[in-house]
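Participant: Have a look at this one before I ask anything.
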Amino acid sequence: MRIEAKTLQEAYEKAAEILNCSVADIDAKVIQYPSKGIFGIFAKPAIIEVEESLDIEKVIEKVKKELSELFKKSCYKIEVKEVSKYDDETIYIHLDGEDAPLLIGKEGFRYNALNYMLYNYIHQKYGYKVRLEIAEFLKSQKEKLKEYIDFFIEEKIKKRGYGRTKPLDGILAFLALEILREKLPDKYVKIKERNGEKYVVVGEKNGHNSSDSNT
């Protein structure tokens, strides 16, 4: 977790506040020392990287409170249905309500934007990943994706032992990664990006194939 402030002291105090501990307990590495610059130009903030992280249960409480306050002030009729532990590195967030379709947007455009913002905010502030569900959007996308993944495995992996998926937008690439790792535990499965497009490649764990080639 990186923290910026005008001075190192303020950065350590900010970290202590976030982690709910004493400044003396903060284990941090100084990434950048503050500088006033010349006549206020080119000034640089203090940046520290904190090694210690909040217990996930404490983060869950904070995130649920912050999201509830956020949507109370927003124009959307959305309820924070659940904030819980998905795994040791990930917080599960479930939103629902009258305006859930608006929050998802056409083809999941707003969902992807909100997921990106929440991930960056929570990961930067607390050090945890995010799994966002709005209504049953994530569940339905995963079910639809499973049909394609089954076809992909039959036509590519079982015949050649390796391959790559079609380009996948937003959360779909991560869902495909999850499904393929479940179905192919003995294979090398990883997200790759080329020309701004994400896809998942599958190959042998020893790497002796062309799993990243065009398929």
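FYI, it's all coordinate maths here, none of it is from the lab. This is a predicted model, so every value here is computed, not measured. Reconstructed Cβ throughout: ideal geometry from the backbone, glycine too, with neighbour counts over all protein chains shown.
Participant: What is the gain in length, in nm to one decimal, between residue 38 and residue 77 on full extension, counting 0.36 nm per residue of separation less the C-alpha to C-alpha distance? Intermediate values should be presented prior to the final figure.
Facilitator: Details: separation 39, 0.36 × 39 = 14.04 nm, distance 4.86 nm.
Full extension of this stretch gives 9.2 nm more.
Participant: Using Cα positions and a limit of under 30 Å, work out the lysines in reach of residue 159, with same-chain residues fewer than 8 apart set aside.
Facilitator: The reachable lysines, counting only those whose Cα sits under 30 Å from residue 159, are 139, 142, 144, 146, 183, 187, 190, 192, 198, 205.
Participant: Based on the Cα coordinates of the stretch 2-50, what is the per residue volume of their convex hull in Å³?
Facilitator: 58
Participant: Ok, one more. Give me the Kirkwood hydrodynamic radius of the stretch 56-135 in Å, from all C-alpha pairs, to one decimal place?
Facilitator: Working: mean 1/r = 0.0790 Å⁻¹.
Kirkwood radius, the stretch 56-135: 12.7 Å.
Participant: For an R0 of 22 angstrom, estimate the FRET efficiency from the Cβ-Cβ distance between residue 136 and residue 113 and round to the nearest 0.05. Mind showing how you got there, number by number?
Facilitator: Working: r = 19 Å, r/R0 = 0.87.
Computed FRET efficiency for residue 136 and residue 113 comes out at 0.70.
Participant: Which value, in debye to the nearest 20, describes the size of the charge dipole of the chain about its Cα centre when Lys and Arg Cβ atoms bear +1, Asp and Glu Cβ atoms bear -1, and nothing else is charged? Before the final figure, lay out each step's value.
Facilitator: Numbers: 38 positive and 38 negative charges, 169 e Å.
Roughly 820 debye, rounded to the nearest 20.
Participant: Starting from the stretch 108-212, pick out the trypsin sites (Lys or Arg not before Pro) whose DSSP state is loop and whose Cβ has at most 11 other Cβ atoms within 10 Å. Please list the in-between numbers first.
Facilitator: Numbers: sites: 110, 125, 129, 131, 139, 142, 144, 146, 156, 158, 159, 160, 164, 181, 183, 187, 190, 192, 194, 198, 205; in loops: 205.
Within the stretch 108-212, the qualifying trypsin sites (Lys or Arg not before Pro) (loop, at most 11 other Cβ atoms within 10 Å) are 205.
Participant: May I pose another question? What is the distance, in nm, between label points placed 7 Å from the Cα along the Cα-to-Cβ direction at residue 174 and at residue 92?
Facilitator: Result for the modelled spin labels: 1.5 nm.
Participant: Something else: Once the dipole of the stretch 138-204 is set up with Lys and Arg at +1 and Asp and Glu at -1 on Cβ about the Cα centre, which of 152, 162, 141 lies farthest towards its positive end?
Facilitator: 162
Participant: Find which of 30, 18, 104 sits farthest along the positive direction of the dipole of the chain, computed with +1 on the beta-carbon of Lys and Arg, -1 on that of Asp and Glu, about the Cα centre.
Facilitator: 104
Participant: Moving on to the next point. Sort 95, 145 so the one with the fewest other Cβ atoms within 10 Å of its own Cβ comes first. Kindly include the intermediate steps, with their values, before the conclusion.
Facilitator: Values: 95 25, 145 20.
Fewest to most other Cβ atoms nearby, the residues stand as 145, 95.
Participant: For q values of 0.26 Å⁻¹, compute log₁₀ I(q)/I(0) with the Debye formula on a Cα-only model of the stretch 138-204, without solvent.
Facilitator: With one equal scatterer per Cα and no solvent, log10 I(q)/I(0) is -1.21.
Participant: Ranked by Cβ crowding within 10 angstrom, fewest neighbours first, how are 21, 75 ordered? Don't skip to the answer; put the middle values down first.
Facilitator: Working: 21 13, 75 8.
The most exposed by this proxy come first: 75, 21.
Participant: Okay, next question. Bin width 5 Å, origin at 0, all Cα-Cα pairs of the chain: what percent of pairs per bin?
Facilitator: It works out to 1, 6, 12, 13, 13, 12, 13, 12, 9, 6, 3, 1, 0, 0, in whole percents.
Participant: Under 10 Å, Cα contacts only: if you run a Gaussian network model on the chain, which one of 70, 132, 114 comes out with the highest mean-square fluctuation?
Facilitator: Among 70, 132, 114, the largest mean-square fluctuation in the Gaussian network model of the chain belongs to 70.
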